[in-house]
Amino acid sequence: MTDAARGARRRQYAAEGLRAAAVVAAYYVSGKIGLQQELVRGQVTPFWPPTGIALVVLLLWGLRMWPAVALGAFLVNVTLGPSILPVLAITVGNTLAPVFAFLLLRRVGFRIALDRLQDALALVFLGALVGMVVSATVGTGVLVAADALAADDFWPTWSVWWTGDAMGVLVVAPLLLAAREARWPRGVSALRWAEAVALLGGTAAVSVLATHSRLNLLFLIVPFLIWAAFRFQLAGAVPCVLIASVITIDAGARGAGPFAGHDLLAQMVILQAFNGTVSLTALLLSAIITERNRTLGEIERVCESLTEALSQLAPEETLDRWSPSRPGERDHRRERHRR
């Protein structure tokens, strides 16, 4: 092996090491943020951002990043207990869940651009709702087996755990994937910026209103998601989902608004149903609009190609020959053409 090859390999190893360290740090910091909303034993929360980060890391860089995910999960859980063996088991569950979700998404041909209808459906149902069953089941079962949790509390705790991990995928993963493709817009009018600000502000205001009223007003958030998807596609819909979900999760954790008067399991059912609905609505509409725009672009390119081909086949003809005109003008051009 030449010196240049050795140097290139060392640089590759160094880059992989820095990438893994960044994943561990992101997992740990986001885990600490998620624990601010803990509901059970100081470690089970209805919003667990690390799952979304872990899934995106695997989608972008492959299964070789699972040790970094596992190390991040271990560092977060080791300070929470109850002892080292349960912590290791919980770490295994937290690692297997995004790996399982990644394998499911790869199986169905998931594309990280999220520009197809099937990609949005796969992320919601396979990546979030199905994939995160693994971590919720393993984690809750370990706590019960370690006598850190009563057997009667299994299902309420499981619902919180599953909701938190699923929300991490539904909220964080699309945000990171959209940010990866985002570019600072150029030549955007002030009116367009004002519309974006009004959209984000309106989503936040309506979310606060809906989650602080004893009336069931959560449906008021849906029109803003439709607005975001139609006008800004994924780049606008994802931030609105994040705002609405975070505000609603906070209300659910405090038992405020529409969550008041319900037990923990019922609160998590309401929260999961709401967040799943808003995420699915935003992602599906964004994918549909993106597909429509792409189809229109392809039609325009085909029309341009046909126009160029016709101009080469009949260079003496102009586009005016094929444009609508009055009958007399068409007859006059035909007669002139015969001459």
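State whether the residues of the stretch 178-200 include one that is closer than 20 Å to ALA128 by Cβ, surrounded by fewer than 23 Cβ atoms within 10 Å (Cβ to Cβ) and either among the aromatic types (Phe, Trp, Tyr) or in contact with a helix residue (DSSP H, G or I) (Cβ under 6 Å, 6 or more places away or on another chain) (or both). Scanning the stretch 178-200 turns up at least one residue that is closer than 20 Å to ALA128 by Cβ, surrounded by fewer than 23 Cβ atoms within 10 Å (Cβ to Cβ) and either among the aromatic types (Phe, Trp, Tyr) or in contact with a helix residue (DSSP H, G or I) (Cβ under 6 Å, 6 or more places away or on another chain) (or both).
On inspection, ARG6 qualifies as surrounded by fewer than 18 Cβ atoms within 10 Å (Cβ to Cβ), over 30 Å from ASP152 (Cα atoms) and either among the charged types (D, E, K, R) or modelled with pLDDT of 85 or more (or both). Of all residues in the stretch 93-117, those satisfying the criterion of being under 16 Å from LEU177 (Cα atoms), in contact (Cβ under 8 Å) with a residue 40 or more places away in the chain and either open to solvent by 60 Å² or more (accessible area, probe 1.4 Å) or in a helix (DSSP H, G or I) (or both) are PRO98, ALA101, PHE102, LEU105, LEU117.
The residue that is farthest from ARG214 (Cα to Cα), counting only those in the stretch 262-295 that are of a type in the set (S, T, N, Q) and open to solvent by 10 Å² or more (accessible area, probe 1.4 Å), is THR295.
For the stretch 33-51, check the following and say yes or no: at least one residue is of a type in the set (Phe, Trp, Tyr) and over 17 Å from ALA166 (Cβ atoms). No, the stretch 33-51 has no match at all.
Per the listing SER323, SER245, the residue uniquely closer than 30 Å to LEU126 by Cβ, hydroxyl-bearing (Ser, Thr, Tyr) and either at pLDDT 85 or above or open to solvent by less than 50 Å² (accessible area, probe 1.4 Å) (or both) is SER245.
The values are calculated or read from the model by the stated rules, or taken from the named source; none is laboratory data. Predicted, not measured: the structure shown is a model, and the values here were computed from it. When we count neighbours, we look across all protein chains shown, and the Cβ atoms used for this are built from the backbone with ideal geometry, even at glycine. Please note that ligands, DNA and RNA were not included when accessible areas were found on the heavy atoms of the full protein model with its side chains. Shrake-Rupley method; radii C 1.70, N 1.55, O 1.52, S 1.80 Å.
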